[in-house]
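Beneath this line is the structure, given in structure tokens, with notes to follow.
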Amino acid sequence: MLTNSIRTSNLAIDLLADSPASTYKKNNVVVVATGGTIAGAGASSTNSASYTAAKIPVDALIDAIPQVQDLANIRWVQALQIASESMTDKELINLARQVNDLAKRSDVNGIVVTHGTDTMEETAFFLSLVIRSDKPIVLVGSMRPGTALSADGPLNLYSAVALASSDTAKGKGVLVMMNDTIFAARDVSKIINIHTNAFVSQWGALGTIVEGKPYWFRESTKRHNSSSEFNIESIEGDSLPLVGIVYGANNMLPQSYLVLQQAGAKAIIHAGTGNGSVADYIVPTLNKLQSEGVQIIRSSHVPQGFVIRNAEQPDDTYGWVVAHDLNPQKTRLLTALALTKTTDAKEIQRMFYEY
Ligand code: GLU
């Protein structure tokens, strides 16, 4: 809910009024803050890597960049104040409901979600699957806290507001705005933890932002948002079907999979080597689990490329699913949503090729 965290009380009037200084009608953007480094603070300006995430409240973040007021009418809500590695499905679902409620409001044109970078790609992907809206929804974070030399948060946030308020971003799906670059939620991944160019997409960025103006070069061909078959409004409660991930390497243990089954996992993502490969001595364990109703999804811990079905393993024979190009953490989310609708492996496979 916006009520407690909104600075202006007469929202409807404030939001619809043009700024006297403005020559154009500004869009209304809501910043939904969740924490992360963009809200972090360190002991000194040289502490760019050692600091505490999720300290600074959203109003202070926005007050630090008064230039955003020229871009849009800004409101904000402090949804969470956490480091993003502590997100669970409960926080994710509640955040999605909050963003969905905002997206349905006629007085909201765009939404910015400030977020820790560790799991930003997961939250962005989830929102792209469950929010049926064409309005711009932009996730943004930073790699350095606001207290550091050359902090990247202020410009990232400025660019995110510019993007969320741009009519050109409508229908492009949930976006991630980092380091002047616009990424599609499904493709983007954090690939380095110590530099500001932390995010890439193996299929390329959608575009870039220069001085608050978006320039577009690509579009995602995959289903998302308004064309998604998933909907946060159909999800009951605050949990998803349990899906675990096992990291592939030499010297695997069958127990790593079995313990997930005992914990109640309805599917296991095998984050395999290479083409989602499975060690010969692990195959019987996966087939046993599959015959007992646990879906087996082959993903890969290789950061680029995609898992080819029936290569390395006979997926058709075993009734397994391949994750296509989704990394293991995004595979977990699509699998969990798929399981809210079906337990048919063929149907789950269709979803992996469509999203
Ligand atoms: N691990 C923290 C988080 O993801 C800080 C990292 C960051 O935001 O860059 O929230």
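The values are calculated or read from the model by the stated rules, or taken from the named source; none is laboratory data. Since this is a predicted model, take the numbers as computed values, not measurements. Cβ placement follows ideal geometry from the backbone for every residue including glycine, while neighbour counts extend to all protein chains displayed.
Here's the yes/no breakdown for (1) crowded, with 21+ Cβ neighbours inside 10 Å; (2) among the β-branched types (Val, Ile, Thr):
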residue	(1), (2)
Tyr257	yes, no
Gln261	no, no
Thr273	no, yes
Val283	no, yes
Ser299	yes, no
Trp320	yes, no
Ala323	yes, no
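Can you tell me which of Thr52, Thr34 is within 11 Å of the ligand (Cβ to nearest atom) and within 19 Å of Ile137 (Cα to Cα)?
Thr34
Quick check: is even one residue across the stretch 98-114 under 22 Å from Lys213 (Cα atoms) and within 12 Å of the ligand (Cβ to nearest atom)?
Yes, the stretch 98-114 contains a residue that is under 22 Å from Lys213 (Cα atoms) and within 12 Å of the ligand (Cβ to nearest atom).
Cβ contacts < 7 Å: first residue within 16 Å of Asp316 (Cα to Cα) and touching a residue at least 24 places away in the same chain (Cβ under 8 Å), restricted to the stretch 275-295; second residue polar (S, T, N, Q) and part of a loop (DSSP other than H, G, I, E, B), any location; separation 6+ or different chain. Result?
Going by the 7 Å Cβ cut-off, the qualifying pairs are Val278/Gln313.
Checking Gly293 against (1) outside any helix (DSSP H, G or I); (2) of a type outside the set (A, V, I, L, M, F, W, C); (3) within 21 Å of Phe230 (Cα to Cα), which single condition isn't satisfied?
Among (1) outside any helix (DSSP H, G or I); (2) of a type outside the set (A, V, I, L, M, F, W, C); (3) within 21 Å of Phe230 (Cα to Cα), Gly293 violates only (3).
Of all residues in the stretch 57-70, count the ones that are away from the ligand (no atom under 16 Å from the Cβ), in contact with a strand residue (DSSP E or B) (Cβ under 8 Å, 6 or more places away or on another chain) and hydrophobic (A, V, I, L, M, F, W, C).
Residues flagged as away from the ligand (no atom under 16 Å from the Cβ), in contact with a strand residue (DSSP E or B) (Cβ under 8 Å, 6 or more places away or on another chain) and hydrophobic (A, V, I, L, M, F, W, C) within the stretch 57-70 amount to 2.
Does the stretch 175-186 include one or more residues that are under 19 Å from Leu80 (Cα atoms) and out of contact with any His (no Cβ under 6 Å at 6 or more places or on another chain)?
Yes; the residues of the stretch 175-186 include at least one that is under 19 Å from Leu80 (Cα atoms) and out of contact with any His (no Cβ under 6 Å at 6 or more places or on another chain).
Name the one entry in Asp118, Asp134, Asp152 that is more than 15 Å from the ligand (Cβ to nearest atom), modelled with pLDDT of 95 or more and either closer than 16 Å to Ile62 by Cβ or not small (Gly, Ala, Ser) (or both).
Asp134
Please specify each residue of the stretch 337-355 satisfying the condition of being free of Cβ contacts under 8 Å to residues at least 12 places away in the same chain and acidic (Asp, Glu).
Asp344, Glu347
Being aliphatic (A, V, I, L, M) and either outside any strand (DSSP E or B) or within 12 Å of the ligand (Cβ to nearest atom) (or both) is the filter; apply it to the stretch 71-89 and report the residue that is nearest to the chain's Cα centre (by Cα).
Per the stated criteria, the residue is Met87.
Among the residues of the stretch 220-238, what is the count of those that are assigned to a loop (DSSP other than H, G, I, E, B), within 17 Å of the chain's Cα centre (by Cα) and either of a type outside the set (Phe, Trp, Tyr) or surrounded by fewer than 20 Cβ atoms within 10 Å (Cβ to Cβ) (or both)?
6
Yes or no, residue by residue, for (1) in contact with a helix residue (DSSP H, G or I) (Cβ under 8 Å, 6 or more places away or on another chain); (2) at pLDDT 95 or above; (3) among the polar types (S, T, N, Q); (4) not in a helix (DSSP H, G or I):
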{"residue": "Gln69", "(1), (2), (3), (4)": "no, yes, yes, no"}
{"residue": "Glu91", "(1), (2), (3), (4)": "no, yes, no, no"}
{"residue": "Ala96", "(1), (2), (3), (4)": "yes, yes, no, no"}
{"residue": "Leu127", "(1), (2), (3), (4)": "yes, yes, no, no"}
{"residue": "Leu157", "(1), (2), (3), (4)": "yes, yes, no, no"}
{"residue": "Ala160", "(1), (2), (3), (4)": "no, yes, no, no"}
{"residue": "Leu163", "(1), (2), (3), (4)": "yes, yes, no, no"}
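Quick one: which residue in Thr181, Thr147, Thr168 is among the β-branched types (Val, Ile, Thr), within 16 Å of the ligand (Cβ to nearest atom), over 25 Å from Asn47 (Cβ atoms) and surrounded by fewer than 23 Cβ atoms within 10 Å (Cβ to Cβ)?
The conditions single out Thr181.
Here is a yes/no grid of residues against (1) within 18 Å of the chain's Cα centre (by Cα); (2) under 26 Å from Val188 (Cβ atoms):
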{"residue": "Ile308", "(1), (2)": "no, yes"}
{"residue": "Gln313", "(1), (2)": "no, no"}
{"residue": "Leu333", "(1), (2)": "yes, yes"}
{"residue": "Thr340", "(1), (2)": "no, yes"}
{"residue": "Lys346", "(1), (2)": "no, no"}
{"residue": "Phe352", "(1), (2)": "yes, yes"}
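Scan the stretch 196-213 and report the pairs whose first residue is surrounded by fewer than 18 Cβ atoms within 10 Å (Cβ to Cβ) and whose second residue is aromatic (Phe, Trp, Tyr), with Cβ atoms within less than 7 Å and a gap of 6+ or a chain change.
Thr208/Tyr215; Gly212/Tyr158
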